[in-house]
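Down below is the structure, laid out as structure tokens.
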Amino acid sequence: MSRCPRATSSATADRPRPEVRLNSMFLSKPCSLALPPDSPLRAEDPHYEGIKRFMLTLLLFYSKQSKSIRGANAVYHRITSHVDKPDIYEVFQLEKTFKTTFSLLVLHMWLVLRRLKEEGKDGVKFGQYIYETYNHDVELRVSKAGVNLLLTKWMKELEKIFYGNIVKYDTAISPEARQDDLVNVIWRNVYADEGSETMDAAATPAVQALARYTRREATCLSLTDKDAMFSGNFKFTTVLPHVPSPSKQRR
């Protein structure tokens, strides 16, 4: 199984910004998104010995449910750390608003839940833990956006949008779907204003790029092993192409 280029945690603030060529992005061969064993980005359970381990065992820290909850938190952190980065908005030409962030959260939740379904009942159950974490996070985001009144009504509406989008993405990527179905769904779910049916010609390259990214990422996740998915030890594809720092270019 091929693995994508190694992910690093080094800062990129002072590196030159790469040129974004939307029409040539996300065309490379899909590969596993699993982090290598020596990656500094890996999430690992703490290893305790002696009395501390004994006490944590009594407190069910090592129970299957506790491990699943920690794994779900790690997976959801992978989603939010990716969706909250400015790069994804820059590349796909999106203004960062509550709507666009929520739309990208739902898209990446769908990608992960779709992959977990491939693991059968265990994957579906683990996905429920991730959904509970997502639901709590969205509630905090809604409150942070200033919607404190009618919060329950907002959450019910967002839940309806979530499940509606999940069904649309499943349909758009099914074997029976047409090539443009995913592009059209992403336009409506992520880019379009309410009531807008016709795709904006200026936005078309970005919408098509996000559709290619989504399709490739779905395949990459299918190539990512179960252990990586259940522990959160994977990393979504970096959307901005890597540009070596000036010091490395001079060598």
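What the table shows:
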quantity	calculated
Of the criteria (1) open to solvent by less than 60 Å² (accessible area, probe 1.4 Å); (2) touching a residue at least 24 places away in the same chain (Cβ under 8 Å); (3) farther than 19 Å from Leu94 by Cβ; (4) under 16 Å from the mean Cα position of the chain (by Cα), which one Val190 fails	(3)
Any hit, the stretch 117-136, residues being open to solvent by less than 90 Å² (accessible area, probe 1.4 Å) and farther than 26 Å from Thr219 by Cα	no
Count - residues of the stretch 222-243 that are surrounded by 22 or more Cβ atoms within 10 Å (Cβ to Cβ) and in a helix (DSSP H, G or I)	1
Residue match in the stretch 170-183 (condition: open to solvent by 20 Å² or more (accessible area, probe 1.4 Å), in contact (Cβ under 8 Å) with a residue 40 or more places away in the chain and of a type in the set (Val, Ile, Thr))	yes
Cross-chain or 6+ apart pairs with Cβ under 7 Å, the stretch 101-114 first and touching a residue at least 40 places away in the same chain (Cβ under 8 Å), then of a type in the set (Gly, Ala, Ser) and part of a helix (DSSP H, G or I)	Leu111/Ala218; Leu113/Gly127; Arg114/Ala218
Flag if Gln93 is open to solvent by 20 Å² or more (accessible area, probe 1.4 Å), polar (S, T, N, Q) and without any contact (Cβ under 8 Å) to a residue 60 or more places away in the chain	no
Residues located in the stretch 193-213, provided they are modelled with pLDDT under 85 and loosely packed, with under 10 Cβ neighbours inside 10 Å	Asp193, Glu194, Gly195, Glu197, Thr198
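The values are calculated or read from the model by the stated rules, or taken from the named source; none is laboratory data. Predicted model only: the values in this text are computed from it and were never measured. Neighbour counts run over all protein chains shown; Cβ positions are idealised from the backbone, glycine included. Each accessible area value is taken on the protein alone, full model and side chains, heavy atoms only, with ligands, DNA and RNA left out. Shrake-Rupley method; radii C 1.70, N 1.55, O 1.52, S 1.80 Å.
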